[in-house]
Every structure is written in C-alpha cells, then in structure tokens.
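Structure, as structure tokens:
What follows draws every value from the coordinates through simple rules; no lab data is involved. Keep in mind the model is a prediction, meaning the values are calculated, not measured. Because the Cβ atoms are built from the backbone with ideal geometry, glycine has one as well, and the counts that use them run over all protein chains shown.
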Amino acid sequence: MTPFDYRVAFSRNIGWVTEEEQNKLRNSRVAIAGMGGVGGSHLLTLTRLGVGRFNLADFDSFAVENFNRQAGANLNTVDRPKLESLSEMAYSINPELEIQAFPDGVSPEQAESFLEGCDIYLDGLDFFALTARRAVFAACDRLGIPAVTAAPLGMGSALLNFLPGKLTFEDYFQLEGHGEYQQYLRFLVGLAPSRLHSGYLVLPERIDLIGKKGPSTAMGCELCAGFAATQVLKLLLGRGKVLPAPWGQQFDAYMNRLHRTWRPGGNRHPLQQLAIHFGERALAKQLNTL
C-alpha cells in the first residue's frame, strides 16, 4: 500500500493557496451538520481541499431514494449510517483526519457542544430540519462562529453567509411566531430571492411542503459544495471578499446566470413580504385540499 503523505496528497492545491495556507487548512476544524445531499459533498470537497479536522453530525441512514444526489449513497451503503459511510470515504482520502462524530444528530441542547473548537459551521441539514438549524445558527451567533448555508435549488445553488456581528439567521429569515409550514415557506423565500430555478420547474406540484419532500438533482448538490467550500476557504484563510447576509447569491447552471441580491431586513423587505404573501396563498390552497 502506498504510504500517505499529506504534502503530496494536496500538493496540487498549492498555487491557489500557499504552503503556509495549506498548513492552516490542515489545522482548521469545520463543523458540518447533515451528511446527506449537500453535507456529504461538503465533507468530501473540504477533505480534498486539505481541511484536517471536522465535527460531523447525522442520525440518518442511506436509502435507495438518495441515489440521485447524495455522494455517499450506493448499493453498498443502503441502510448504513450516513455519518459512518461518509467518514470512511473521507478517511480514505486523508487517513490523518480528526473527526468528532455526533451520531445522534444535533439537538438544540447539543448545539454549542457540537460547535466546540470549530472555526466555522457549514450547514448540511435537510431543508425541513428547521428546529435543529435554528438552534445551530443561534449557537454560532452566541459563539461568534461564521456560518455558511448553501441550498441546492434545481440545477444550481443559493448561498448565504452569516458572519459574527452581522445580520443573524433569525433576523434574516424571521421565523419566530410562525407555524411549521409558514416557516418552511419563509426559509425557501429567504434562501433564493432571485428564484432563478423557478423558470424550468416542469412539475411545481412536486414541491410538497406539507409532505416535506421535493425534487432535487446531483448538479445542485455538487454546485453547493463548490460554492460553499470557496466561502469556507476565504473565511478560514482570511482573504477574499465574503458577502454577509442580507447579501445573497444564486448561481444556476441551467439558466446560465449568477445573480446577487441585497435584501435589507431579510424577509421583512417589501419584495420578500410580497413573495411570502403569494406563497402563503398557494400554501393555504394546498392545506384546504387535504
């Protein structure tokens, strides 16, 4: 077996980063909650970047319906824990990794311990896991930890950065005091004000907030990983401009477009309020037909 050598394994990164910066990535710790569609791709992308330490959380196992988009899903991993499978894949790239595993996922009570010692948080939670997501982002704000979220929408990605001292996740999305389905709607509207993906959604009825499911693609997940990992690199190395919320970005490969948005007040912004209004009307119709 070929012996592992960190410097050789990640030598092709040098040029885009310096050797000193590569060593900084080696000693950085990134927290990722969720090892599914985006979380698994986040982990493998950052491992190949040479990040050496992770706190990882997931309680779920792989299923056949994950095959279309999740990096760790295949016939050999069906019914296996996602956290276990993805950790093995990451170790096979860098056997020197330090991984702190949280196999029960992240509860609100665990959020701060999950983030302990971490330089940054990268969101890989399922779209509908809002209770856990709100808890982790709130803990990031209390601890002064930058947090990045990238959503796979269609064949593209929407991205938001929540940085210490800037607009918080809660202030941006305005979820407090709203029911479960309204929170999902507000999260969706806030993630992608540009709505670039909506132009080619051929079966809108497949987005089911009530049933907690929707269509997805592998392209969306992989674009998320590239988009988000670049923000992580810039934040860890302290170079390159990082746009904090209420700035947002959405890149859509199908539409051949990159759109930057600025929504002061987040979902309090008049344009966001209008989108939420029409979304709530559609949601009410769906609820009334159940």
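Listed values, structure above:
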read-out	value
Theoretical gain in end-to-end length, R281 to E109 [0.36 nm per residue, Cα-Cα removed]	58.4 nm
Cβ-derived FRET efficiency at R0 25 Å, N74 paired with R206, nearest 0.05	0.55
Hits among lysines - C-alpha to C-alpha of K212 under 23 Å, sequence gap 8 or more where chains match	K82, K285
Phi-based couplings in Hz for the range 46-63 (Karplus 6.51, -1.76, 1.60; Gly and Pro marked x)	5, 5, 5, 6, x, 4, x, 9, 9, 10, 10, 9, 5, 10, 8, 10, 6, 9
Nearby aspartates and glutamates by direct alpha-carbon distance to K166 (threshold 12 angstrom, same-chain neighbours under 8 apart not counted)	D141
Interchain or long-range residues, amide H under 5 Å from S61's placed H	K82
For the range 145-290: rounded, prolate or oblate by the Cα gyration tensor [a/c cutoff 1.5]	oblate
L153 long-range amide H proximity, modeled H, under 5 Å	A158
DSSP bridge orientation in the range 6-288 - percent antiparallel, rounded to nearest 5	50 percent
Residue-by-residue Karplus 3J(HN,Hα) for the range 272-279, coefficients 6.51, -1.76, 1.60, Hz, glycine and proline x	5, 4, 5, 5, 5, 4, 5, x
Identified option (computed Cα extents along the principal axes in Å; candidates (i) 62, 43, 42; (ii) 65, 43, 33; (iii) 73, 52, 46)	(i)
Estimated [θ] at 222 nm from DSSP helical runs (n ≥ 4, -39500 (n - 2.57)) normalised by residues in the chain, nearest 500	-11500 deg cm²/dmol
Phi to ³J(HN,Hα) by Karplus 6.51 cos²θ - 1.76 cosθ + 1.60 over the range 67-78, Hz, x for Gly, Pro	4, 6, 8, 9, 4, x, 8, 7, 4, 7, 10, 4
Added length on full extension, which subtracts the Cα-Cα distance from 0.36 nm per residue, E96 to E116	5.2 nm
Listed peptides 34-46, 6-18 by packing density, highest first (mean Cβ within 10 Å)	34-46, 6-18
Sites matching GluC sites (Glu not before Pro) across the range 92-175 that sit in DSSP coil, with at most 14 neighbouring C-beta atoms within 10 Å	E96, E116
Zone residues, the range 215-255, relative to N23, backbone N less than 19 Å from point 7 Å out along Cα-to-Cβ	236-239
Amide proton proximity set for F102, modelled H, under 5 Å, gap of 5+	L56, A57, D58
Chain lengthening between L274 and S198 when straightened (0.36 nm per residue, less Cα-Cα)	25.7 nm
Hits among aspartates and glutamates - C-alpha to C-alpha of K213 under 15 Å, sequence gap 8 or more where chains match	E65, D126, E180, E205
